[in-house]
Amino acid sequence: MNIFLLITLIIIQRSHGVIYELNDTEYDKMPPLFHLEPYGPCVHEPGGVYCTVELKLVSDVPSEIMTTIEEYSLRREMNLNHSRLNRGVCVTRTCKDYLSQNTSADLNLVLEGCLNDTLWKQYKLKSKLSTEVLCNDLDNKVDVDYGDVAVAVICLAILILNIVGSLYDFWFISNKESKGNNFLICFSIRRNWKRLVACPAYSHDQRLRRFKGFNGLRTISIIMIIIEHSLLPFIIAPNDSHELERKYNYILYHLFIDGGLMVQTFFVMSGCLLSYKLQLYAEKRDINWTMIPKWILQRWLRLTPSYALVLAITTTWLRFAGLVPLWQRAVGVEVKDCRRDGWLNLIYLNNYIDESQCMPQTWYIASNMQLYVSCLIILTLVTNVTARKIVLAVLFVVSLIIPACHTYIQNSDAGLIISTETVRDYFVKDRKFNYSYKSEHTNFSNYILGLSLGMLIYYLQKNEFSVEKYKKFKLVYWATLPAMLILLPSGSFFYFFQNSSALYIKAIYSGVAKPLFGSIIVLIILGMTFKLENFYRGILEWNGWTSPARVSYSAYILHVLFVRSLTGTRSTLIHVSIAHVILCNLGTVIITYLAAYPYWLLVEAPAVALSKVIFSLGPKQKSKAESELRKNERIPA
């Protein structure tokens, strides 16, 4: 099937001068995209200098190899740009002749001359440096500055507070109902551990227990996102780039690389819980505009402390973690961008900043925060049920049009194309990612679906809705999972037919793909909430999902740090094979959760508890806040 598809594409697109596939013999005629000389023996020899550099291939004369490279690289959705070469070179060994001739000791001139000589001898091609030269030797030192010291003090203070709070709780609070000091109790590891493993979640309100299945949805979605991101090393430093490109011909592979739709699950859940909890709140209190600043500040305090600490560590101590060839390329650039743009992350505007690699996965947190604020204002100011329905319906229609207009006007990709070349640049140059994918206004549709779902569930519960007469539709409900598995890789169509797809088709897909996926999630949640069947519900409501779901926010903000660090600490290229990919995926998931659990206990849980204490005003509210500290509430990210 794949061979037939490739032959068809070649026939259709031959006039475009695009080469869609090369056999191994033809492929090996091109210079290897990635090559790292041995790092350890180089830097351990006296005066050894090791540099990494990116080259741009050029040719002064007609070249058959250069023509092949250019035409093969035109298929940007599935092939790497073979005119961009990444090299790790032991300058003091490989280029020692050029080093001795260059009296100015300009490494740019040394490397360009040395590598040009090699390329000309082997391929009759020339090159020029396209990025700065990054060099390592054992004498490289990174100075500790005031920021490093400040972050170290903060980390030490958090650790001491957890120790003191735990000892205080153990020795001085004999009865778990004793009040004690609110501040110190927040840092009790014993109490936070009980909250972590307590089951089920949402037990403080019988109606909220209907959302227990959110634990399964949240955990499964986070794991899928981690798996997708853990593919990064195989694109940044593969030892067999041809095998990597071939993987794009398999639909099963697209289930993972096109998993960007999975994040829409969180928009639906977040919107659902916002509208549902707001209606619960309205049962006892009046909803008015004065509550908006308080709720926004509560949300900011809920998300920011644990997020800010990871950001602080990234901008400071992460600089000292590695000096191997790929470190600067994989991690150093993130440290540099976080020092420049990190403040935008703390006010949740980083999703509107282009070409920044500062914790790029947190675009979702920023977008979610913006949607939370916008929709909180809408629901607070529009309290009439009928008016809310009209406003949400109009906004939903607009939210379908906006992504389609983005795609049509900018002539961009239909969806986020996770091409090898895009990942190689960490998405900083991708128009779809920067202008459409990560923005608040292009993710409105599923948040509105979530708001509508929360309103519907509340209404049906209030009117004692019975699901019995709808159980005959179980087969339709069970079809939601196959539909999801079909929709997830549906964007792979545009990998194969991107150039021949009409612009209006790409625009339509851009507008409907996210809400279609969100609609499937809505159906799953609706059936789970009212116990339509027991198979999907039994899986999603399994008690084993409870604690992984509670640490999901910590896992989300931590996992890319590990992915990039594990990539950057490599001194050799990584082997591309199914077994190695699976091993890397599982390893990243395990490492992330092993770090997320203690991070939740020491940082996130105390921060959440403290935010409740801060907003506890007056004797009655203080007593309520102390009781809340012992409940199993999980505020979703």
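Please treat every number below as a calculation from the coordinates, not as lab data. Note that this is a predicted model, so its numbers are computed, not measured. Counting neighbours? That spans all protein chains shown, and the Cβs are built from the backbone with ideal geometry, glycine included.
Any aspartates and glutamates with Cα under 17 Å of the LYS471 Cα? List them, leaving off those in the same chain fewer than 8 positions away.
Qualifying aspartates and glutamates at Cα under 17 Å: GLU533.
Any idea what Rg and Dmax come out to for segment 358-506 if you just take the C-alpha atoms, in Å?
Considering segment 358-506 through its Cα atoms, Rg and Dmax are 18.9, 54 Å.
Need one number: % antiparallel among DSSP beta bridges in segment 2-136, to the nearest 5.
If we restrict to bridges inside segment 2-136, about 80 percent are antiparallel.
Provide the convex hull volume over Cα atoms per residue for segment 208-253, in Å³.
Residue-normalised Cα hull volume stands at 69 Å³.
What dipole magnitude, in Debye to the nearest 20, does the chain give about its Cα centre under +1 on Lys/Arg Cβ and -1 on Asp/Glu Cβ?
Here the chain has a charge dipole of around 3300 debye.
Per the helix-only calculation at 222 nm, which mean residue ellipticity applies to the chain, given -39500 (n - 2.57) for every DSSP H run of n ≥ 4 and division by its residues, nearest 500 deg cm²/dmol?
Roughly -18500 deg cm²/dmol at 222 nm, from the helical runs in the chain.
Can you compute the equivalent ellipsoid semi-axes for segment 428-549, i.e. the square root of 5 times each eigenvalue of the Cα gyration tensor, sorted largest first and rounded to whole Å?
After diagonalising the Cα gyration tensor, the semi-axes are 33, 17, 15 Å.
Place a label point 7 angstrom from the Cα of ILE287 along the Cα-to-Cβ direction, then list the residues of segment 362-393 whose backbone nitrogen is under 11 Å away.
Residues 376-389 fall inside that zone.
What angle, in degrees between 0 and 90 and rounded to the nearest 10, separates the Cα long axis of helix 605-614 from the longest principal axis of the Cα atoms of the chain?
50 degrees
Given points 7 Å out from each Cα along the Cα-Cβ axis, report the LYS429 to ARG246 separation in nanometres with one decimal.
Simple spin-label model gives 2.7 nm for this pair.
From largest to smallest, what semi-axes in whole angstrom does segment 30-72 give when each is the square root of 5 times an eigenvalue of its alpha carbon gyration tensor?
Calculated on Cα positions only, the semi-axes equal 32, 11, 8 Å.
Note the full-extension length gain between ALA152 and LEU297 as 0.36 nm times their separation in residues minus their Cα-Cα distance, in nm to one decimal.
Net length gain for the segment: 49.5 nm.
Filter the chymotrypsin sites (Phe, Trp or Tyr not before Pro) in segment 187-252 to those in DSSP coil with at most 14 other Cβ atoms within 10 Å of their Cβ, and list the result.
Those satisfying the criteria are TYR250.
Of all the Cα-Cα pairs you can form in the chain, what percent are over 45 Å apart?
Tail of the P(r) past 45 Å holds 26 percent of the pairs.
Segment 349-431: which trypsin sites (Lys or Arg not before Pro) are DSSP loop and have at most 15 other beta-carbon atoms within 10 angstrom?
When the trypsin sites (Lys or Arg not before Pro) of segment 349-431 are filtered for loop state and at most 15 Cβ neighbours within 10 Å, LYS429 remain.
So what's the net charge close to VAL110: Lys and Arg +1, Asp and Glu -1, counting the other residues with Cβ under 10 Å from its Cβ?
-2
Taking the Cα centroid of segment 515-538 and of segment 255-290, what is the distance between the two, rounded to the nearest whole Å?
15 Å
Among residues other than MET224 whose Cβ falls under 13 Å from its Cβ, what is the net charge (Lys/Arg +1, Asp/Glu -1)?
Summing Lys/Arg as +1 and Asp/Glu as -1 gives -1.
Trypsin sites (Lys or Arg not before Pro) within segment 16-99: which are DSSP loop residues with at most 14 other Cβ atoms inside 10 Å?
Those that pass, being in a loop and sparsely packed, are LYS29.
Go through LYS128/LYS432; LYS284/LYS612; LYS474/LYS612; LYS194/LYS474; LYS277/LYS514; LYS29/LYS141 and tell me which ones have a Cα-Cα distance over 31 Å in this structure.
With Cα atoms farther than 31 Å apart: LYS474/LYS612; LYS194/LYS474; LYS29/LYS141.
Efficiency by 1/(1 + (r/R0)^6): what FRET value for ASN463 and TYR504, r their Cβ-Cβ distance, R0 = 41 Å, to the nearest 0.05?
0.45
Using the beta-carbon distance between VAL398 and ARG209 and R0 = 51 Å, what value does 1/(1 + (r/R0)^6) give for FRET efficiency, to the nearest 0.05?
Plugging the Cβ-Cβ distance into 1/(1 + (r/R0)^6) gives 0.90.
Describe numerically, in nm with one decimal, the distance between label points set 7 Å from Cα along Cα→Cβ at LYS474 and at VAL142.
My value for the distance between the label points is 5.7 nm.
Not counting the cut sites, what is the longest span of the chain without GluC sites (Glu not before Pro) that DSSP labels loop and that have at most 15 other Cβ atoms within 10 Å?
It runs 465-637.
Over 21 Å apart: what share of the alpha carbon pairs of segment 330-416 falls there, rounded to a whole percent?
Roughly 51 percent, once rounded to a whole number.
Length gain on complete extension for the stretch ASP354 to ASN384, per 0.36 nm per residue less the alpha carbon to alpha carbon distance?
Residue separation times 0.36 nm, minus the Cα-Cα distance, leaves 6.9 nm.
On the principal axes of its Cα set, how long, how wide and how thick is segment 2-136? Give whole Å, largest value first.
Each principal axis gives a Cα extent; for segment 2-136 these are 57, 32, 24 Å.
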